[in-house]
Amino acid sequence: MEPSINWLDDPQVFRVGTLPAHSDHRAYRSGEEIERGVSSYIQSLDGDWQFQYAKNPAERPVGFFEPDYDRDHFFTIQVPGHIELENFSQIHYINTLYPWEGKVYRRPAYVLSDADTGAGMFSAADNNCVGAYAKRFDLEEPLRNNRVTVQFDGVEQAMYLWLNGHFVGYAEDSFSQSEFDLTPYIQDTDNVIAVEVFKQSTAAFLEDQDMFRFSGIFRSVRLTAQPEIHVNDLAIHSTVTADLTTGHLAVTLQLNDHPAAGTVSLTVTDDQGEMVAEASEKATEQVHFGDFEVANVRLWCHSDPYRYHLQLTVRDADGAVLEVVPYDFGFRRFELVDKVMMLNGQRLILNGVNRHEWNPDRGRAITQADMVADLQVFKENNINAVRTCHYPDQIPWYTMCDEAGIYMMAETNLETHGSWQKMGAVEPSYNVPGSVSQWRDAVLDRAKNNYEVFKNHPSILFWSLGNESYAGEVLAEMNAYYKRVDSTRLTHYEGVYRNRAYADRISDVESRMYETPENIKAYLDDHPEKPFLNCEYMHDMGNSLGGMASYVNLINQYPMYQGGFIWDYIDQALYVTDEVTGNRVLRYGGDFDDRHSDYDFSGDGLMFANRQPKPAMQEVRYYYGQYNN
Amino acid sequence: MANTTTNLRVIFGDGTLGVAGPACHYIFSYERGGLESLVQHGKEWLYRTPMPTFWRATTDNDRGNGFSQDSAMWLGADLFSHCVAVAINVDDQDLGWPIAPETNRFSNHEWAEKVQIAFTYQTTTVPKTNVTVTYQVFNDGHLGVTVHYDGQPGLPELPALGLRFIMPTPAVGFDYTGLSGETYPDRMAGAVAGTYHVVGLPVTPYLRPQENGMHMATEAVTVTRHTTLNNTDVDATDFSLSVVQTTAPFAFSCLPYTAEQLEAADHIEELPAVRRTVLGVYGAVRGVGGIDSWGADVEPAYHISAEVDHEFSFEIRG
C-alpha cells in the first residue's frame, strides 16, 4: 500500500496496517527471564534517533525513509521525548480552545456539511510541523528467525511508518499503543526504521485535552519477537459470586494465526504458591480455559490488593518452552446495588485524583520513577483512586495501580472541548464526534484500544468514554460497546450532563465537574437515577482547596454520593533556565511567546510540577483518611 | 519602692513619644504615624511603622471569581491609609496628644507603670473608615497591641484584616505554636496542632505568586533574626521577638514580601531579593475557596464583612 498524506485530513482514516489492540501481557522465554524482569523477546528502540524537523508538510524531507537517503545532516533526538522540549517546535499551552485559535479557521470535516471533506486542512497547512525520525538497528540475536513487531506506546498525533524503505502503516490515537508487523521487511542487520510524525491531523479535534500541546514519539518504542506459537491476547474473566465467597475464572487466549503444533498450559497460584487452577490445551488460534471455581476466594480491594498469579506456558510439539506469560490478576465484585456502587459488598467511596502524566523536565514523557513516586504520594495521603485524565496512561501504570490497590477510572483518549464550549458557554454547533458518522469509527476505535489493552486490570472499575466532548450517537455507541464487552465494570461519562437527551444511554453514574455541594444535594434529593460522583472537583489552582468539608459531609448524608476525583494531582509547568538569574525556574503557558494561551491555568495540582506537595495536601490526607476503604 | 512599680521611663519628645523599659525601648512617632522603633535587648525590630493591612495577593480563585475586582479599594487602603489621630494615656490619665509647649512641664525623669498610645488610621476607601491601633507598654516592658476596625456600611468584603510589621533584615526562621502547614479558615481541618520550627522565610511557590503562608489559630510565634542594619552591631548571636495571644488565638504569616510585592510578580523568580521580614498578624482571614477557579465564591462563613466592627489583640515580648 502507498501512504497518502491526505489521511491527515480524513477522519475516516485513523489506522492503516496496524495490528489489533490486545492485552498488555509480556512474553518471556523462561521463568528465569521473568525473575530477572527482562525478556529476550524484546528489543528496545529507545534512545538516539536521527531527526529532521519541518515546520509544515510542504517542507518535510520527502523520501527520508529510504535506507540510502542522505541523513548525515539530521539532528539527534532522544526517544521517548517531545519535539517541543528539544526546541524544534514552539512550546504551547492552551486549555479548551483548539491550538490553532486565532491562527487558522477550521471546522471539523463533515460536521457542517457532508460536502466538507476537510481536504488539505492538515496536509496542506503551513504550520503543522513534521518530525522525521529514523534509526538504524540490527536485530538482536534472540529475536531473529521469529515474527517481529514494533510497538509504539505513544506518538503524538499522527505517524507513518517505514522499514527498510517499505511503507508499513499509519496510526493516530496518540496515547494508545500502535503495533505493526515488521516480519515481511525485517533483516538481521542494518535495518532502517523511519517514522514521520505530524503534529496535527483530524486527531487534533479529538485530542483537545487541557495540556501543553506536544508532538513526537513521547513514549517507548520496542521490537517484540514472537515464536511460532504466540499468545497475542489474554482475556481473564474473573468474577465473584454474590455471597463473595467463591471466585470463577475463565481465560481466553488468542494465539497467532495458524499456530504450530504445541500446547499451552495454564497455572494459577495464590501468593503462598498453592495451585488454584491448572489446565493444558492444544495450541489453536483460540484457546479457552475454565471455568475454574476458586473457593474461599480472597478479594482484591484498596486495603488488600490481593492478586493471584496466572502463568501461561507455551510449548512446541517436542515440549520445548517457547514462551512464558505471567499475569497477576484479582477477583473483585463491582456492581450497583439499590443505585449505590458496591465493591465486594461495601459501598465504594472514591478518594480520588485526576492525574495527568507530568514531569517538569520531560513533559508527558514521564519515567518509572515518577510513577513510583506518585503511588507513594497516594499512599501517604489516603488517595485511593485515580482518573487517567484524559487518555490512557503508560501501560505499566495500570499494573502498578493493581499492586497498590488504586481504583482506576480508565479514560478513553478523547476530548473535543473546543468543538462545543466557547468562552464558557455550551455551543455545540460543530461538535465532534456528536452523531457524525464519518467520525464514528475513529472514536470507537479509541475505546477498543483502551478496553483491549487494559481489560485484565482489577484496578479499573470504570471505563470512561473520555472527557468534555458533549454527547451524541457516537458516545452512546461507545457506552454500548463498553457495556457489551465488559459486565464487570461501570461506564462513566460527564459530558452527557450537557446533553440530557442521552441520559438513559450514556454513563452508569451521574458524573459532574465542579458542581457545588448545594446542587449535588439538590440532585440527590430529587429522585436520583444514578449514583453521584465528582469526576473533577476541588479545583486546586494556586492557593485553593478550601471548603472540602462541604463535599465530605455529603458522604454520610447520601448513600448515593460516592466521592470523586480532585482536580488535579500535579501542576503542569516546565523547568527552564531563567534568563536573568540562571536558576532553574518553572514556567507556564504564555512564557514561550505562545498565543493564544491559558497561562497558569495548568497550575492546579495538589503537587507542584516538581513533585513537591502543596500545603493543601494535609487537608486531602485528613479528609480522605476518614473514609479510606 | 517606686523603682519596682514604675519601670517605664517616658520621654515626651517633640515628634515622638519614647518609652524605655526593662531591656526594651519603644519610640512612637507622630510624624510617621505609628510605632517607629521597637528595640528589645538592644536590637531594632522595625524597618517601617507597622500599618493596618487589608490586602492579600490575589489568589487564582480570587481572580476567577472577581473578588479582587470587587474589593480592589482595599489594595489602595493597604498602601495609602494614613494616621489621622494620636491619643496618649499614661497610668490611666488621658493626656491627649501632648506636644510643646505643653510638654515643657516634663523632665528627663518621667516614670510610669503603664503607657498607652493609640493611632487612628483612616482608610482610602469610599466611604472611608477608621482603624485604631492601640499600643500599651506594660511595666515589665512587654507591648500589648489591640487593633479595632470600625465597620462601615457600603464597603466591599475585606481580603484580610491585620497589622503588618516590616523588620529590617530577613529572619533565619520562626517557631510557632499553632497548626501545621499553611492554613486558611476553610482549609485547616487537616492541620495538626503543635509547635513548629520553620527555617528561613519560605514562600509557597505557587506557579503564579499569590497569597500564601498563612497560619491560623496561633498561640504564639517567635521570629528569630541573626543580623541587623546597625553598623556598630558586631554581635553574631541570634535574637528573637515573640507575638503571643492574649484573649484569642491569632493568624499570622511570616514572609519576605508584602502582599503588593507578591501581587506584582507573575513568577516566583520575579520576586525581589529577600531583604526584610514581613510579619503579618491577622485578626481575620478570608477563606481561599476551592469549588472552582472561574467564578465560585468562597463559602459565606469564610468571608470578612467590612460593614461590621472587628477587633483583635496580641502582645509582643522580647
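The values are calculated or read from the model by the stated rules, or taken from the named source; none is laboratory data. Just so you know, these numbers come straight off a predicted model, no measurement behind them. Counting neighbours? That spans all protein chains shown, and the Cβs are built from the backbone with ideal geometry, glycine included. Surface areas here come from the heavy atoms of the whole protein model, side chains and all, with no ligands, DNA or RNA. Shrake-Rupley method; radii C 1.70, N 1.55, O 1.52, S 1.80 Å.
If B:G141 satisfies all but one of (1) more than 22 Å from the chain's Cα centre (by Cα); (2) assigned to a loop (DSSP other than H, G, I, E, B), what's the number of the condition it fails?
(1)
Going by what's in this entry, would B:A248 be described as more than 10 Å from chain A (Cβ to nearest Cβ) and without any contact (Cβ under 8 Å) to a residue 24 or more places away in the chain?
On the way: more than 10 Å from chain A (Cβ to nearest Cβ): yes; without any contact (Cβ under 8 Å) to a residue 24 or more places away in the chain: no.
Considered against the rule, which asks whether it is more than 10 Å from chain A (Cβ to nearest Cβ) and without any contact (Cβ under 8 Å) to a residue 24 or more places away in the chain, B:A248 comes out as no.
Got at least one residue in segment A:591-604 being facing another protein chain (nearest Cβ under 9 Å), part of a loop (DSSP other than H, G, I, E, B) and open to solvent by 10 Å² or more (accessible area, probe 1.4 Å)? Don't jump to the end; show me each part of the working.
Step one: of segment A:591-604, the residues facing another protein chain (nearest Cβ under 9 Å) are A:591, A:599-604.
Next, from what is left, pick out any that are part of a loop (DSSP other than H, G, I, E, B): A:591, A:603-604.
Cutting the leftovers down to open to solvent by 10 Å² or more (accessible area, probe 1.4 Å) gives us A:591.
Looking for residues that are facing another protein chain (nearest Cβ under 9 Å), part of a loop (DSSP other than H, G, I, E, B) and open to solvent by 10 Å² or more (accessible area, probe 1.4 Å), one finds at least one in segment A:591-604, hence yes.
Pairs needed: first member in segment A:428-440, open to solvent by less than 20 Å² (accessible area, probe 1.4 Å); second member anywhere, of a type in the set (G, A, S) and at pLDDT 95 or above; C-beta distance under 6 Å; at least 6 residues apart or different chains.
A:N431/A:S419; A:V432/A:S419; A:G434/A:G472
I'm trying to understand the selection: among the residues of segment A:192-238, which are crowded, with 24+ Cβ neighbours inside 10 Å, part of a strand (DSSP E or B) and among the polar types (S, T, N, Q)?
A:S238
Working carefully through the options A:D173, A:D126, find the one that is surrounded by fewer than 18 Cβ atoms within 10 Å (Cβ to Cβ), touching a helix residue (DSSP H, G or I) at 6+ places or on another chain (Cβ under 8 Å) and in a loop (DSSP other than H, G, I, E, B).
That would be A:D126, the only listed residue that is surrounded by fewer than 18 Cβ atoms within 10 Å (Cβ to Cβ), touching a helix residue (DSSP H, G or I) at 6+ places or on another chain (Cβ under 8 Å) and in a loop (DSSP other than H, G, I, E, B).
Yes or no: segment A:574-588 includes at least one residue that is modelled with pLDDT of 95 or more and under 23 Å from the mean Cα position of the chain (by Cα).
So far as segment A:574-588 goes, yes, one or more of its residues are modelled with pLDDT of 95 or more and under 23 Å from the mean Cα position of the chain (by Cα).
Kindly evaluate A:A115 against the criterion of being hydrophobic (A, V, I, L, M, F, W, C) and closer than 18 Å to A:R15 by Cα.
no
Being more than 10 Å from every other protein chain (Cβ to nearest Cβ), outside any loop (DSSP other than H, G, I, E, B) and surrounded by fewer than 19 Cβ atoms within 10 Å (Cβ to Cβ) is the filter here; which residues of segment B:253-270 pass it? Outline the logic, then answer.
Residues of segment B:253-270 that are more than 10 Å from every other protein chain (Cβ to nearest Cβ), as a first pass: B:253-265.
Filter again for outside any loop (DSSP other than H, G, I, E, B), leaving B:253-255, B:259-264.
Scanning segment B:253-270 gives B:E260, B:Q261, B:E263, B:A264.
Mind checking whether some residue in segment B:214-225 is within 11 Å of another protein chain (Cβ to nearest Cβ), touching a strand residue (DSSP E or B) at 6+ places or on another chain (Cβ under 7 Å), open to solvent by less than 10 Å² (accessible area, probe 1.4 Å) and touching a residue at least 12 places away in the same chain (Cβ under 8 Å)? Show your work before the answer.
From segment B:214-225, those within 11 Å of another protein chain (Cβ to nearest Cβ) are B:214-215; that's our starting set.
Right, trim to touching a strand residue (DSSP E or B) at 6+ places or on another chain (Cβ under 7 Å) and you get B:214-215.
Narrowing the set further to residues that are open to solvent by less than 10 Å² (accessible area, probe 1.4 Å) leaves B:214.
Right, trim to touching a residue at least 12 places away in the same chain (Cβ under 8 Å) and you get B:214.
Within segment B:214-225, one or more residues are within 11 Å of another protein chain (Cβ to nearest Cβ), touching a strand residue (DSSP E or B) at 6+ places or on another chain (Cβ under 7 Å), open to solvent by less than 10 Å² (accessible area, probe 1.4 Å) and touching a residue at least 12 places away in the same chain (Cβ under 8 Å).
Out of segment A:19-39, which residues are hydroxyl-bearing (S, T, Y), open to solvent by 30 Å² or more (accessible area, probe 1.4 Å) and within 23 Å of A:Q394 (Cβ to Cβ)? So that I can check it myself, show each step before the final result.
Of the residues in segment A:19-39, the ones hydroxyl-bearing (S, T, Y) are A:23, A:28, A:30, A:39.
With the extra rule that they be open to solvent by 30 Å² or more (accessible area, probe 1.4 Å), the set shrinks to A:28, A:30.
Passing the criteria: only A:Y28.
For segment A:490-508, give me each residue that is in a loop (DSSP other than H, G, I, E, B) and surrounded by fewer than 23 Cβ atoms within 10 Å (Cβ to Cβ). Outline the logic, then answer.
Looking only at segment A:490-508, we keep the residues that are in a loop (DSSP other than H, G, I, E, B), and these are A:493-494, A:499, A:503-508.
Within segment A:490-508, A:N499, A:A503, A:D504, A:R505, A:D508 qualify.
Please go through (1) in contact with an Asp or Glu (Cβ under 6 Å, 6 or more places away or on another chain); (2) within 14 Å of chain A (Cβ to nearest Cβ); (3) over 24 Å from A:M548 (Cβ atoms) for B:V198 and return the number of the only condition it doesn't satisfy.
The number of the failed condition is (1).
A:N610: assigned to a loop (DSSP other than H, G, I, E, B), open to solvent by 40 Å² or more (accessible area, probe 1.4 Å) and either out of contact with any Pro (no Cβ under 6 Å at 6 or more places or on another chain) or within 12 Å of chain B (Cβ to nearest Cβ) (or both), yes or no? I'd like the intermediate steps shown before the answer.
Working: assigned to a loop (DSSP other than H, G, I, E, B): yes; open to solvent by 40 Å² or more (accessible area, probe 1.4 Å): yes; either out of contact with any Pro (no Cβ under 6 Å at 6 or more places or on another chain) or within 12 Å of chain B (Cβ to nearest Cβ) (or both): yes.
Yes.
At least 2 residues that are under 21 Å from the mean Cα position of the chain (by Cα), aliphatic (A, V, I, L, M) and more than 22 Å from A:I91 (Cβ to Cβ) in each: list the strands (runs of 3 or more DSSP E) lying fully within segment A:331-401 that qualify.
Where strands (runs of 3 or more DSSP E) fall fully within segment A:331-401 and carry at least 2 residues being under 21 Å from the mean Cα position of the chain (by Cα), aliphatic (A, V, I, L, M) and more than 22 Å from A:I91 (Cβ to Cβ), they are A:350-354, A:385-387.
Taking the condition at the interface with another protein chain (Cβ under 7 Å from one of its Cβ atoms) and either open to solvent by less than 10 Å² (accessible area, probe 1.4 Å) or part of a loop (DSSP other than H, G, I, E, B) (or both), does A:G546 pass? Spell out the reasoning first.
Details: at the interface with another protein chain (Cβ under 7 Å from one of its Cβ atoms): yes; either open to solvent by less than 10 Å² (accessible area, probe 1.4 Å) or part of a loop (DSSP other than H, G, I, E, B) (or both): yes.
Spelling it out, A:G546 is indeed at the interface with another protein chain (Cβ under 7 Å from one of its Cβ atoms) and either open to solvent by less than 10 Å² (accessible area, probe 1.4 Å) or part of a loop (DSSP other than H, G, I, E, B) (or both).
Among the residues of segment B:42-92, which ones are under 21 Å from the mean Cα position of the chain (by Cα), within 14 Å of chain A (Cβ to nearest Cβ) and of a type in the set (G, A, S)?
Of everything in segment B:42-92, just one residue is under 21 Å from the mean Cα position of the chain (by Cα), within 14 Å of chain A (Cβ to nearest Cβ) and of a type in the set (G, A, S), namely B:A57.
Go through A:E579, A:E536 for me and flag whichever is surrounded by fewer than 20 Cβ atoms within 10 Å (Cβ to Cβ) and either farther than 19 Å from B:E211 by Cα or away from chain B (no Cβ under 11 Å) (or both). I'd like the intermediate steps shown before the answer.
Details: A:E536 fails: surrounded by fewer than 20 Cβ atoms within 10 Å (Cβ to Cβ).
Among A:E579, A:E536, only A:E579 is surrounded by fewer than 20 Cβ atoms within 10 Å (Cβ to Cβ) and either farther than 19 Å from B:E211 by Cα or away from chain B (no Cβ under 11 Å) (or both).
Restrict the check to segment B:292-300 and report whether at least one residue is under 20 Å from the mean Cα position of the chain (by Cα) and either free of Cβ contacts under 8 Å to residues at least 12 places away in the same chain or open to solvent by less than 50 Å² (accessible area, probe 1.4 Å) (or both). Before you say what the answer is, go through the steps one by one.
Step one: list which residues in segment B:292-300 are under 20 Å from the mean Cα position of the chain (by Cα), which gives none.
Within segment B:292-300, not a single residue is under 20 Å from the mean Cα position of the chain (by Cα) and either free of Cβ contacts under 8 Å to residues at least 12 places away in the same chain or open to solvent by less than 50 Å² (accessible area, probe 1.4 Å) (or both).
Just give me the residues in segment B:103-126 being open to solvent by 50 Å² or more (accessible area, probe 1.4 Å), of a type outside the set (S, T, N, Q) and closer than 26 Å to B:T5 by Cα, in sequence order.
B:R105, B:H109, B:W111, B:E113, B:K114
So how many residues does segment B:159-190 have that are within 12 Å of chain A (Cβ to nearest Cβ), touching a residue at least 60 places away in the same chain (Cβ under 8 Å) and touching a helix residue (DSSP H, G or I) at 6+ places or on another chain (Cβ under 6 Å)?
3
With respect to the numbered conditions (1) of a type in the set (G, A, S); (2) within 14 Å of another protein chain (Cβ to nearest Cβ); (3) surrounded by 17 or more Cβ atoms within 10 Å (Cβ to Cβ), which one is the sole condition not fulfilled by B:A193?
Exception for B:A193: condition (3).
Checking A:G102 against (1) part of a loop (DSSP other than H, G, I, E, B); (2) surrounded by 15 or more Cβ atoms within 10 Å (Cβ to Cβ); (3) touching a residue at least 60 places away in the same chain (Cβ under 8 Å): exactly one of these is not met. Which one?
Just one mismatch for A:G102, condition (2).
From A:T183, A:T245, A:T189, A:T263, grab the single residue that is in a strand (DSSP E or B) and polar (S, T, N, Q).
On the way: A:T183 fails: in a strand (DSSP E or B); A:T245 fails: in a strand (DSSP E or B); A:T189 fails: in a strand (DSSP E or B).
Result: A:T263 is the single residue among A:T183, A:T245, A:T189, A:T263 that is in a strand (DSSP E or B) and polar (S, T, N, Q).
Say we look at segment A:511-533 and pick out the residues that are in a strand (DSSP E or B), more than 10 Å from chain B (Cβ to nearest Cβ) and closer than 24 Å to B:P300 by Cβ; which of these is least open to solvent (accessible area, probe 1.4 Å)? Can you show your working first?
Residues of segment A:511-533 in a strand (DSSP E or B): A:511-513, A:532-533.
Restricting the remaining residues to those that are more than 10 Å from chain B (Cβ to nearest Cβ) gives A:511-512, A:532-533.
After this cut, where a residue has to be closer than 24 Å to B:P300 by Cβ as well, the list is A:512, A:532.
Numbers: A:R512: 21, A:F532: 0 Å².
Checked segment A:511-533; the qualifying residue least open to solvent (accessible area, probe 1.4 Å) is A:F532.
Given the conditions (1) loosely packed, with under 14 Cβ neighbours inside 10 Å; (2) of a type in the set (A, V, I, L, M, F, W, C); (3) under 15 Å from B:N212 (Cβ atoms), report the number of the one that B:A273 does not fulfil.
Just one mismatch for B:A273, condition (3).
Given the options B:Y302, B:Y282, name the one that is within 14 Å of chain A (Cβ to nearest Cβ) and touching a strand residue (DSSP E or B) at 6+ places or on another chain (Cβ under 8 Å).
Working: B:Y282 fails: within 14 Å of chain A (Cβ to nearest Cβ).
Among B:Y302, B:Y282, only B:Y302 is within 14 Å of chain A (Cβ to nearest Cβ) and touching a strand residue (DSSP E or B) at 6+ places or on another chain (Cβ under 8 Å).
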